[in-house]
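Undergrad: First the structure, then my questions, so here it is.
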Amino acid sequence: MAHDTAHGVAIGPRRVVPLSLLVSQYPHLLDALRRQLNILPTSNHLRFALRLQADATRLNQLGRNEKAAWERLADGPIEMLTAVEHERWLARALASLERRGLVIFSGFTPTDAAHVLGLSAHWNVEAARLAALSWARRMRRQYGVGRWADGDAEGPAQDVFQRVVKAIATKLIEAGLHDADTNRDPSQLAQSLAGLILQRGQRDADSVFALNISPDAPVVAVGGPAASYYPSVGEALGAAVILPVNGEVANAIGTVLGQVVQRVHATVIQPFRGCFRVFLPNGPKDYDTQDAAYAAARESAAQRAEQLALQSGAGEVDVVFEVDENRVDHDIDGSVFFEARITALATGTPCIKCTA
């Protein structure tokens, strides 16, 4: 999705639902987008929550408000702006469900930008246009980013389009540098090379460099938005682009730009004092100390998360941990531990050779 940074706009890997797709499925939301365009922009503009997946294990761990929010979503998407204004508990519960991976938000995406520019017409073009206008107002008024005029949807859409093209080109160059086994950091070198290549033709004077992708290495592009973005990528890189028949059913642009992310949870409880029970895939196991139980939980969760990430196409995987504890400070007994959820978060850059 397109979002703000300290230096302007960036295209990030966070998964959101394009507004053009959302409104094509729920046409009544078009009125909400029109209404949002006429009020001061906030971070909750364009954000509608909808169910992503029904994980029985996670659903059984939900609190009362989260369960109530989940049930409300059975009737369709919920507008976060309205929830924040009138039902704060609902907004907080929906945000919690999104962090748990059960709910997904909508937002202005490169897919919407392609609809605004006439490069795609799969879904609702008017929703994409309204999303571009609302997103541009927020960028200007909240962050001082962009000089697009009010009522101009194509300007911000074109900005997002060019940034996606550069991001894809950079990742393709980075993949080539990995193959070349350069000694420098491929990501930093790829940024520099992409800048030089993409500036070609934009300068009045000829550049010292003439950089191109090898003609023997065409780019095979698949995914719904591939036909919208990859021809421009190929033109910028001087590379041939192949769009396979029925390739739109794959999802490759997100793979190129984003990261593989897998989460695995392990629960630790204290059924009675001095006993720490870890729920492992092969059954619960008890430990005498909290440290030992935490170590076992981390090891198990990390192994499973790493395996899932590799199976999902990651090349190299990094694992970090999050610990959510439930304990009470008692005047007499001191700190009393009840339960903890240890999350292993495995992330990795996609293996381009395996996914492209």
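Nothing in this text is a laboratory measurement; each read-out follows from the coordinates by a stated rule. Since this is a predicted model, take the numbers as computed values, not measurements. Here Cβ is always computed from backbone atoms with ideal geometry, including for glycine, and neighbour counts include all displayed protein chains.
Undergrad: Relative contact order (percent) for the range 57-100, with alpha-carbon contacts under 8 angstrom and 6 or more residues of separation?
TA: In percent, rounded to a whole number, it is 49.
Undergrad: Over the range 2-152, what is the relative contact order in whole percent, taking alpha-carbon pairs under 8 Å and six or more residues apart?
TA: Details: 199 pairs, mean separation 52.4, N = 151.
In percent, rounded to a whole number, it is 35.
Undergrad: Show me the ranking of peptides 51-57, 274-280, 141-147, 122-128 by mean Cβ neighbours inside 10 Å, starting with the highest. Intermediate values should be presented prior to the final figure.
TA: Working: 51-57: 10.9, 274-280: 16.6, 141-147: 13.9, 122-128: 21.1.
Going by the mean number of other Cβ atoms within 10 Å, highest first, we get 122-128, 274-280, 141-147, 51-57.
Undergrad: What ranking of E79, E322 emerges when the number of other C-beta atoms within 10 Å of each C-beta is taken as an exposure proxy, fewest first? Kindly include the intermediate steps, with their values, before the conclusion.
TA: Working: E79 20, E322 11.
In order of increasing Cβ crowding within 10 Å: E322, E79.
Undergrad: So how do E306, E316 line up by other beta-carbon neighbours within 10 Å, fewest first? Don't skip to the answer; put the middle values down first.
TA: Numbers: E306 19, E316 10.
Fewest-to-most Cβ neighbours within 10 Å comes out as E316, E306.
Undergrad: Moving to a separate point now. Can you sort R92, R35, R298, R273 from fewest to most other Cβ atoms within 10 Å of each residue's own Cβ?
TA: R273, R35, R92, R298
Undergrad: Explain nothing, just compute: Karplus ³J(HN,Hα) = 6.51 cos²θ - 1.76 cosθ + 1.60, θ = phi - 60°, for every residue of the range 121-138 in order, whole Hz, x for Gly and Pro.
TA: Rounded to whole hertz, the list is 9, 5, 10, 7, 5, 5, 4, 4, 5, 5, 5, 4, 5, 5, 5, 5, 4, 5.
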